[in-house]
Amino acid sequence: MNSHDYLSRQQNEDRRAFIIHYGAKSGKTRFARRICETRHDAYLLDLLAYFLAHPELPPIQQCGLDILKKLLRTLDIPQSVVIVDNADFLFNTWGTEEKRRLLNWLGVQLRSPADTEKTFVFMIQTDDAIAAANLHNSYGESRVLALNEFDAM
């Protein structure tokens with residue numbers, strides 16, 4: 001699957017957020033950077049670096065989905081695509097219920113343009129709860145994709 005074609009198709013969707021997952025040190029960050037280098041409408045949000053640069057944010061153990069949602073909705077950037085990378089430090093502190101809430105937010109509640117004009121792409125290490133998620137777009141394509149499903153930039 002071509003990543004640019006897939007990402008472009010999301011612009012017509014009511015629910016645009018999706019997840020790219022794979023193992024640790026598998027090239028997810030390199031892939032995210034490459035997308036941003038080749039697309040003017042993409043912004044790479046290194047979530048770990050963002051948290052380190054903003055000490056006013058609550059400690060990691062207190063950062064649930066509501067804090068992440070607020071952060072993403074209030075990003076003041078012109079790009080329409082936000083690639084959320086290095087989020088595992090946060091997701092790994094969450095239990096099953098918080099991960100379910102994330103999937104429900106991505107699958108049902110986060111609507112475009114009702115909630116945001118942005119498309120969110122989450123780069124996440126493979127996790128059983130996330131990999132098993134059943135989210136699809138109007139084309140019937142999964143919105144939870146393993147990195148190796150992309151054969152082209």
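Might you let me know whether the range 44-58 holds any residue that is at pLDDT 90 or above, under 17 Å from R143 (Cβ atoms) and either among the acidic types (D, E) or touching an Asp or Glu at 6+ places or on another chain (Cβ under 9 Å) (or both)?
Among the residues of the range 44-58, not one is at pLDDT 90 or above, under 17 Å from R143 (Cβ atoms) and either among the acidic types (D, E) or touching an Asp or Glu at 6+ places or on another chain (Cβ under 9 Å) (or both), which makes the answer no.
When the residues of the range 102-121 are filtered to those that are assigned to a helix (DSSP H, G or I) and more than 14 Å from the chain's Cα centre (by Cα), which remaining residue is surrounded by the fewest Cβ atoms within 10 Å (Cβ to Cβ)?
V108
Considering only the range 122-145, how many residues are part of a strand (DSSP E or B) and under 22 Å from Y43 (Cβ atoms)?
So the count comes out to 6.
Could you list, in sequence order, all residues of the range 1-43 that are among the basic types (K, R), surrounded by 15 or more Cβ atoms within 10 Å (Cβ to Cβ) and not in a helix (DSSP H, G or I)?
The answer is R15, R16, R39.
Restricted to the range 56-101, and to residues that are of a type in the set (K, R) and more than 14 Å from F120 (Cβ to Cβ), which residue is surrounded by the fewest Cβ atoms within 10 Å (Cβ to Cβ)?
Across the range 56-101, the extreme among qualifying residues is R100.
The values are calculated or read from the model by the stated rules, or taken from the named source; none is laboratory data. Keep in mind that this is a model prediction, so the values were computed, not measured. As a convention, Cβ positions derive from the backbone with ideal geometry for all residues, glycine included, and neighbour counts pool all protein chains shown.
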